[in-house]
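The values are calculated or read from the model by the stated rules, or taken from the named source; none is laboratory data. These numbers come from a predicted model, not from an experiment. Methodologically, a virtual Cβ is constructed for each residue, glycine included, from the backbone with ideal geometry; neighbour enumeration extends over all protein chains shown. When the accessible area is computed, the model is the full protein with side chains, heavy atoms only, and any ligands, DNA or RNA have been set aside. Shrake-Rupley method; radii C 1.70, N 1.55, O 1.52, S 1.80 Å.
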Amino acid sequence: MWYHQNNEVTEFPEGTIGFVYLITNLLTGRQYVGKKLISFSKTSVKTVTLKSGEKKKKKIKSKVDSDWMTYYGSSEHLNNDVKEFGEHNFKREILHFCQSKGTMSYLELREQIDRRVMESDNYYNAFCGGKIHKKHIKL
């Protein structure tokens, strides 16, 4: 389960495309800050027959739900601990609902820097960074 301000999250505010989160190992206190899209665009190719009989390939975009409900981050160490200690020993909290990828990247990086995740062994994070342009941020 995911929580936001101690309330279980089953749906998202209008316009939300993803979120920034904090996962806490309840046994060790070790944490992970990350971001997750709730859906993504998938492009598939379909062959259509035109009136002239000619066949043409057409790209079709569709929205696909991500694995956000079962997701525990991209950290190998975190995922190994989830397997070892069990999902019930981890708390997953949504820190920010985001309406753009730029905002999501910015808020993830801001949380990582504010928490000094690279300076402490109390975090699973082994990487932080990203290119963020001011015009892509919608706070």
Kindly indicate whether residue 92 is surrounded by 10 or more Cβ atoms within 10 Å (Cβ to Cβ), among the charged types (D, E, K, R) and over 17 Å from residue 128 (Cα atoms).
-> yes
Qualifying residues in the range 52-67 (those that are farther than 30 Å from residue 127 by Cα and part of a loop (DSSP other than H, G, I, E, B)) - the one least open to solvent (accessible area, probe 1.4 Å) = 53
Across the range 102-139, which residue is farthest from the chain's Cα centre (by Cα) among those that are under 13 Å from residue 30 (Cα atoms) and among the aromatic types (Phe, Trp, Tyr)?
-> 123
Of the residues that sit in the range 122-139 and are over 18 Å from residue 37 (Cα atoms) and either modelled with pLDDT under 95 or touching a Pro at 6+ places or on another chain (Cβ under 6 Å) (or both), which one is most open to solvent (accessible area, probe 1.4 Å)?
-> 134
Looking at 49, 24, 70, 28, which one is hydroxyl-bearing (Ser, Thr, Tyr), open to solvent by 60 Å² or more (accessible area, probe 1.4 Å) and touching a strand residue (DSSP E or B) at 6+ places or on another chain (Cβ under 6 Å)?
-> 49
Pairing a residue in the range 82-99 that is at negative phi and in contact (Cβ under 8 Å) with a residue 40 or more places away in the chain with any residue that is open to solvent by less than 60 Å² (accessible area, probe 1.4 Å) and of a type in the set (D, E, K, R), where Cβ atoms lie under 7 Å and the two sit 6 or more apart in sequence or on different chains, gives 95/111
Filter pass, residue 35 being basic (Lys, Arg) and more than 20 Å from the chain's Cα centre (by Cα) = no
Looking only at the range 79-101, decide whether some residue is of a type in the set (S, T, N, Q), modelled with pLDDT of 95 or more, closer than 23 Å to residue 27 by Cα and in a loop (DSSP other than H, G, I, E, B).
-> no
